[in-house]
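Undergrad: Following this message is one structure expressed as structure tokens.
The values are calculated or read from the model by the stated rules, or taken from the named source; none is laboratory data. Just so it is clear, the model here is predicted, and its values are computed rather than measured. For neighbour counting, all protein chains shown are included, and Cβ atoms are generated from backbone atoms with ideal geometry for every residue, glycine included. The accessibility values were calculated without ligands, DNA or RNA, using every heavy atom of the protein model including side chains. Shrake-Rupley method; radii C 1.70, N 1.55, O 1.52, S 1.80 Å.
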Amino acid sequence: MRENMITTVDNPFNPFDQPDEWYTWDVSHGYYSRELLARIARVSDDMSDADIELITSQAIDDIIRLDLTNRYRKVSREYSEA
């Protein structure tokens, strides 16, 4: 499966491998990317992991499509289900 996350073009940290540093940098620059994504991607605990990933990916795409500043980008990585 593929996991997707939102980041900004100027954030030097990897949100997958350095989540704390990534988040601290993101918030300190006033982006609040994770919170923006949470407002757009309406997910709930009763959804499957696949549905959550699909909705999240679509929300990231929507944010990027509507972003006139070209600030946001999508980063992805493959993972296997154990």
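Undergrad: May I ask you to verify whether Val43 is modelled with pLDDT of 95 or more and among the aliphatic types (A, V, I, L, M)?
TA: Taking the combined requirement at face value, the residue does not satisfy it.
Undergrad: A further question on this structure: Could you check how many residues of region 40-58 are out of contact with any helix residue (DSSP H, G or I) (no Cβ under 6 Å at 6 or more places or on another chain) and either of a type in the set (Ser, Thr, Tyr) or assigned to a loop (DSSP other than H, G, I, E, B) (or both)?
TA: Of the residues in that region, 8 qualify.
Undergrad: Then there is this: Taking only region 19-39 into account, find how many residues are touching a residue at least 12 places away in the same chain (Cβ under 8 Å), in contact with a helix residue (DSSP H, G or I) (Cβ under 7 Å, 6 or more places away or on another chain) and not charged (D, E, K, R).
TA: The number of residues fulfilling the criteria is 3.
Undergrad: Another one. Take region 40-75 and flag every residue that is open to solvent by less than 70 Å² (accessible area, probe 1.4 Å) and more than 15 Å from Met5 (Cβ to Cβ).
TA: Ser44, Met47, Ser48, Ala50, Asp67
Undergrad: A further question on this structure: Of the residues that sit in region 1-39 and are of a type in the set (S, T, N, Q) and in a helix (DSSP H, G or I), which one is least open to solvent (accessible area, probe 1.4 Å)?
TA: Of region 1-39, the ones of a type in the set (S, T, N, Q) are 4, 7-8, 11, 14, 18, 24, 28, 33.
Next, from what is left, pick out any that are in a helix (DSSP H, G or I): 24, 28, 33.
Numbers: Thr24: 91, Ser28: 85, Ser33: 0 Å².
Only one residue tops the list, namely Ser33.
Undergrad: Let me ask you something else. How many residues are closer than 15 Å to Asn11 by Cβ, outside any helix (DSSP H, G or I) and within 12 Å of the chain's Cα centre (by Cα) when one looks only at region 60-82?
TA: 4
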